Amino acid sequence: MKCPFCGYDDTKVVDSRSADGKKRRRRECTNCGKRFTTYESVEMPALLVLKKDNSIELFDKNKLIKSISTAVKKRPVSVEDINNIVDCVESRYSNGNQISSAEIGDIVLVNLKAIDQVAYVRFASVYKDFSDVESFIKAISELKSNIDGTDKNE
């Protein structure tokens with residue numbers, strides 16, 4: 001580990017403890033004597049996303065957070081709820097290395113349906129590519145039938 005102050009290559013660990021699921025290490029440079037903190041975390045294998053057009057790209061956690069945030073804008077959904085949905089996607093596929101964008105969308109929809117139904121319809125309108133008012137009416141009718149307990153799929 002290089003010292004951030006003098007660039008020397010040799011540092012020693014003075015203290016080590018767990019913090020927020022990471023390993024916090026207090027280090028001291030053996031050259032200049034200054035101390036600094038580093039955090040160590042497990043690096044997960046890269047998760048690839050298979051898109052609708054059959055292209056493949058790296059999973060971008062921030063991109064998913066942004067799309068969910070757009071759906072929940074001005075809704076009573078916390079940042080913690082959003083992070084939990086993203087963590088659900090990541091943990092579900094932590095052992096695999098590829099997921100389709102459809103699977104990601106389905107996971108988000110299931111979680112949003114339980115948290116906020118307006119956000120669910122907003123996300124579904126983009127994810128399912130609603131092209132007319134009938135698509136919205138159908139989605140809302142399905143939600144209403146689930147609430148009323150008249151869902152025929154149960």
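The values are calculated or read from the model by the stated rules, or taken from the named source; none is laboratory data. All values derive from a computational prediction rather than experimental measurement. Because the Cβ atoms are built from the backbone with ideal geometry, glycine has one as well, and the counts that use them run over all protein chains shown.
Given (1) modelled with pLDDT of 90 or more; (2) touching a strand residue (DSSP E or B) at 6+ places or on another chain (Cβ under 9 Å); (3) not polar (S, T, N, Q), where does PRO76 come up short, assuming only one miss?
(2)
Hey, can you tell me all the residues within region 58-93 that are small (Gly, Ala, Ser) and within 16 Å of ILE104 (Cβ to Cβ)? Outline the logic, then answer.
Keep residues of region 58-93 that are small (Gly, Ala, Ser), which gives 67, 69, 71, 78, 91.
Scanning region 58-93 gives SER67, SER69, ALA71, SER91.
Going by what's in this entry, would PHE36 be described as among the hydrophobic types (A, V, I, L, M, F, W, C), outside the structural domain of GLU142 (by TED's automatic domain parsing) and in contact with a strand residue (DSSP E or B) (Cβ under 7 Å, 6 or more places away or on another chain)?
yes
Using the structure shown, decide if TYR120 is at pLDDT below 80 and of a type outside the set (A, V, I, L, M).
no
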